[in-house]
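**Q** Dumping the structure here so I can ask a few things about it.
The values are calculated or read from the model by the stated rules, or taken from the named source; none is laboratory data. Everything numeric in this text was worked out from a predicted model, so none of it was measured. Note that each Cβ is placed from the backbone with ideal geometry, even for glycine, and that neighbours are counted across all protein chains shown.
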Amino acid sequence: MKINKNKNGTKLTFEIAGRVDTSTAPQLESAIKEEISGVKELVFDMDKVEYISSAGLRVLLSSQKTMNNQGTMKLINVNDEIMEIFEVTGFTDILTIE
Amino acid sequence: MAEINNSLVLDAATDNLQQVMSFIEDCLKDRDISPKTEMHINMSVEEIFVNIAHYAYTEKTGKATINVSVTDDPAAITIIFKDSGIPYDPLAKKDPDVTLSAKERKIGGLGIYLVKKMMDEVVYKYENGQNVLIIKKHL
C-alpha cells in the first residue's frame, strides 16, 4: 500500500494505492491520526485501491466517527469490487461516496 | 483443467499473511476468475487466517493448516482451515447490524460477516481436537 497525502488549509486528501489489509491498515490509521487534528474536510481517493479487508473498513469507520464531530468526509473514485463490499456492510449508508 | 489439492502448514501469525495469500493465488493461477470472485476469496481467507492468528492460541503461536481444492465439475474452490487452538465457532457470533449509523456502529465485527456473505458455503466443526472451518465458492 502507498499513501499520498495532500493538505490544503483544512482540507486533507489521502490518495491510497494498493492493498488495504490487516498488514497495511495500521499504516493508514497512523497517517490519518497524525494529520486529522483541525481537518474540516477529509477525502480518500480510492482510485488505485485494489483490495480492502475488514481491517481497512475499520479505519474508514473510525475516521468517519471522528469527522462526524469536526467536519465532512468523502470517498472518491471507488471501483465496483470495493463498492460491493461497502454495500454488503452497509457502509454505503454511513459513508459519503462520490 | 488440472484439479488442484494443495496444503500449507504454517505458524498462525499475522506476519505470515502474505505467504497465505501467495499460496491461494498460486492455487488459482490457471483459472480465469473475475476480479470480484478473486476479491471475495482473498478477503475471506484473510479474515479467517487473521482470526486464527489472533484468537486460536493464547500463549504461544500454534500451527494452522490450510487445504485448498479446486475442482472443475462443479467449478469451485473449497478451502479448509484447521487449528488446534481453543474451540471457537466464529459462525455462532451474532451478525453485526449493518443498518446502524456511523455513530452507533461498533468498530469491528465485520470480518466473519463478510465471509458469510462472500462465500457460497461456510461450515464450522470441532473435530479431533481441531477447529475446522470450511469455505466454498463456485468459480
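**Q** Counting only residues that are more than 14 Å from every other protein chain (Cβ to nearest Cβ) and not charged (D, E, K, R), how many does region B:80-104 have?
**A** Number of matching residues: 9.
**Q** While we're here: Within region B:42-56, is there a residue that is more than 9 Å from chain A (Cβ to nearest Cβ) and without any contact (Cβ under 8 Å) to a residue 24 or more places away in the chain?
**A** No: zero hits.
**Q** Name the strands (runs of 3 or more DSSP E) wholly inside region B:54-131 in which the number of residues that are under 23 Å from B:Asp15 (Cα atoms), under 16 Å from the mean Cα position of the chain (by Cα) and modelled with pLDDT of 95 or more is 2 or more.
**A** So the answer is B:63-72, B:75-83.
**Q** Let me ask something additional. With the structure loaded, tell me whether A:Gly56 is in contact (Cβ under 8 Å) with a residue 40 or more places away in the chain and not β-branched (Val, Ile, Thr) or whether it fails that test.
**A** Against the criterion (in contact (Cβ under 8 Å) with a residue 40 or more places away in the chain and not β-branched (Val, Ile, Thr)), A:Gly56 does not qualify.
**Q** Still on this structure: From the list B:Asp95, B:Asp83, which residue is closer than 20 Å to B:Val50 by Cβ and touching a residue at least 40 places away in the same chain (Cβ under 8 Å)?
**A** The conditions single out B:Asp83.
**Q** Where residues in region B:5-15 are among the aliphatic types (A, V, I, L, M) and more than 12 Å from chain A (Cβ to nearest Cβ), which of them is surrounded by the most Cβ atoms within 10 Å (Cβ to Cβ)?
**A** This residue is B:Ala12.
**Q** If we keep just the residues of region A:47-98 that are facing chain B (nearest Cβ under 7 Å) and of a type in the set (Lys, Arg), which is surrounded by the fewest Cβ atoms within 10 Å (Cβ to Cβ)?
**A** My answer is A:Lys65.
**Q** Another question about this same structure. For region A:34-47, check the following and say yes or no: at least one residue is at pLDDT below 95 and closer than 22 Å to B:Ile41 by Cα.
**A** The answer is no, given that none of the residues of region A:34-47 is at pLDDT below 95 and closer than 22 Å to B:Ile41 by Cα.
**Q** Also, I was wondering about something else. Got at least one residue in region B:16-25 being farther than 25 Å from A:Ala25 by Cβ, surrounded by fewer than 16 Cβ atoms within 10 Å (Cβ to Cβ) and small (Gly, Ala, Ser)?
**A** So far as region B:16-25 goes, no, none of its residues is farther than 25 Å from A:Ala25 by Cβ, surrounded by fewer than 16 Cβ atoms within 10 Å (Cβ to Cβ) and small (Gly, Ala, Ser).
**Q** Filter region B:20-40 for residues that are out of contact with any strand residue (DSSP E or B) (no Cβ under 6 Å at 6 or more places or on another chain) and more than 10 Å from chain A (Cβ to nearest Cβ) and give the result.
**A** B:Val20, B:Ser22, B:Ile24, B:Glu25, B:Asp26, B:Leu28, B:Lys29, B:Asp30, B:Arg31, B:Asp32, B:Ile33 - these are the residues of region B:20-40 that are out of contact with any strand residue (DSSP E or B) (no Cβ under 6 Å at 6 or more places or on another chain) and more than 10 Å from chain A (Cβ to nearest Cβ).
**Q** Does region B:105-120 contain any residue that is more than 14 Å from chain A (Cβ to nearest Cβ), touching a residue at least 12 places away in the same chain (Cβ under 8 Å) and farther than 21 Å from A:Leu61 by Cβ?
**A** Within region B:105-120 (the criterion being more than 14 Å from chain A (Cβ to nearest Cβ), touching a residue at least 12 places away in the same chain (Cβ under 8 Å) and farther than 21 Å from A:Leu61 by Cβ), the answer is yes, since at least one residue qualifies.
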